[in-house]
Amino acid sequence: MASKAIIIFFALFSLTAVASLTESSTESTESDSGLVLNFYKDSCPQAEDIIKEQVKLLYKRHKNTAFSWLRNIFHDCGVESCDASLLLDSTRRSLSEKETDRSFGLRNFRYLETIKEAVERECPGVVSCADILVLSGREGIVALGGPYIPLKTGRRDGRKSRADVLEQYLPDHNESMSVVLERFKNIGIDTPGVVALLGSHSVGRTHCVKLVHRLYPEVDPALNPDHVPHMLHKCPDAIPDPKAVQYVRNDRGTPMILDNNYYRNILDNKGLLIVDHQLATDKRTKPYVKKMAKSQDYFFKHFGRAITILTENNPLTGNEGEIRKQCNVANKHH
């Protein structure tokens, strides 16, 4: 009887130890980035609901805003820190990130200001533009039919935006797959995560200036010949006017839905960008492309995980940075 009691004691002790290890592991995950779920629960309990409501209203009026919010996450969080540096205007001393060629096509920043103003009315000086950028991106994903991703908050805003660092961090659409994988690996995103993130190309559009090198002077033989006439119709000029609104929908089948149709398209050589084509042909990424083409759940699982890692990239927390009053300019310090 005594030995049975001892066995029960050790069993309970082991369970307690496992629970304790799990708890400390969770705590360390939170402290690694300094972010937590529902950071504003005391300081601004309505913050996330306000952002969600504003995104819904803006999406109802301007459908293409959802693409912008999704792109913002990549263009902000992929460069040094997830700190809303993307939103800052250029100054006399430096060109900002959003003013560079690499940021061509990014737009609708004014709607983030609309969301910021709504949050400021409820809780002045509390919620950062960095958190608004991330949470609006999350709600944009939902609006497009993608998964709801629980994201931590508590970011603070950076004070500088440097265009000259973009090349070090953001892979271009013409980069080799090795470069693309390496850039994301530096953030902590693995190969299936990269394949899932590029699934963002399931929605939105690609401007002709990014495509014409595959159409002129000769059509890229890797393109599906059935898809070429449509691309030529949409992009009739070898040197398109960058200010003209000339583009091709990334996915003609479901252009407004974030889904796994993208993977079926690129396996059928209908990817618009070089990076799309490489994703479907490179031996490191093709197996995951095939899996995501077959299973939307598999795509969403890896997409949610990759977005989470991306949004937790080197954030400013605690006393770092600031809470900007306006998202496009740093606060004035006297």
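The values are calculated or read from the model by the stated rules, or taken from the named source; none is laboratory data. Here the structure is a predicted model, which is why all the values come from computation and not from measurement. Because the Cβ atoms are built from the backbone with ideal geometry, glycine has one as well, and the counts that use them run over all protein chains shown. All accessible areas refer to the heavy atoms of the entire protein, side chains included, with ligands and DNA or RNA removed. Shrake-Rupley method; radii C 1.70, N 1.55, O 1.52, S 1.80 Å.
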Practice problem: Being open to solvent by less than 50 Å² (accessible area, probe 1.4 Å) and touching a Ser or Thr at 6+ places or on another chain (Cβ under 8 Å) narrows it down to one of V179, V212, V194, so name that one. | Solution: V194
Self-check item: Filter pass, Y262 being in contact with an Asp or Glu (Cβ under 9 Å, 6 or more places away or on another chain) and within 15 Å of R205 (Cα to Cα)
Solution: yes
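Just to be sure before I move on: is G188 outside any helix (DSSP H, G or I), within 16 Å of S68 (Cβ to Cβ) and open to solvent by 10 Å² or more (accessible area, probe 1.4 Å) in the structure I sent?
Details: outside any helix (DSSP H, G or I): yes; within 16 Å of S68 (Cβ to Cβ): no; open to solvent by 10 Å² or more (accessible area, probe 1.4 Å): yes.
So G188 does not fit the description; no.
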Exercise. Search segment 215-233 for residues being more than 29 Å from the chain's Cα centre (by Cα) and closer than 13 Å to Y247 by Cα, and hand back the single one that is surrounded by the most Cβ atoms within 10 Å (Cβ to Cβ).
Key: L232
Quiz item: When you scan segment 58-160 for helices (runs of 4 or more DSSP H) that lie fully inside it, which ones turn up with 3 or more residues that are β-branched (V, I, T) and surrounded by 23 or more Cβ atoms within 10 Å (Cβ to Cβ)?
Solution: 129-143
Self-check item: Residues (in a helix (DSSP H, G or I), modelled with pLDDT under 85 and open to solvent by 80 Å² or more (accessible area, probe 1.4 Å)) located in segment 161-176
Solution: D164, E167
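Kindly establish whether Y59 is more than 12 Å from G140 (Cβ to Cβ), at pLDDT 85 or above and among the aromatic types (F, W, Y).
On the way: more than 12 Å from G140 (Cβ to Cβ): no; at pLDDT 85 or above: yes; among the aromatic types (F, W, Y): yes.
So Y59 does not fit the description; no.
Okay, residues lined up against (1) within 28 Å of Q296 (Cβ to Cβ); (2) under 13 Å from the mean Cα position of the chain (by Cα):
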position	(1), (2)
I141	yes, yes
Y148	yes, no
G154	no, no
V165	no, no
F184	yes, yes
Exercise. Go through (1) touching a residue at least 40 places away in the same chain (Cβ under 8 Å); (2) assigned to a loop (DSSP other than H, G, I, E, B); (3) among the β-branched types (V, I, T) and name the single condition V248 misses.
Key: (2)
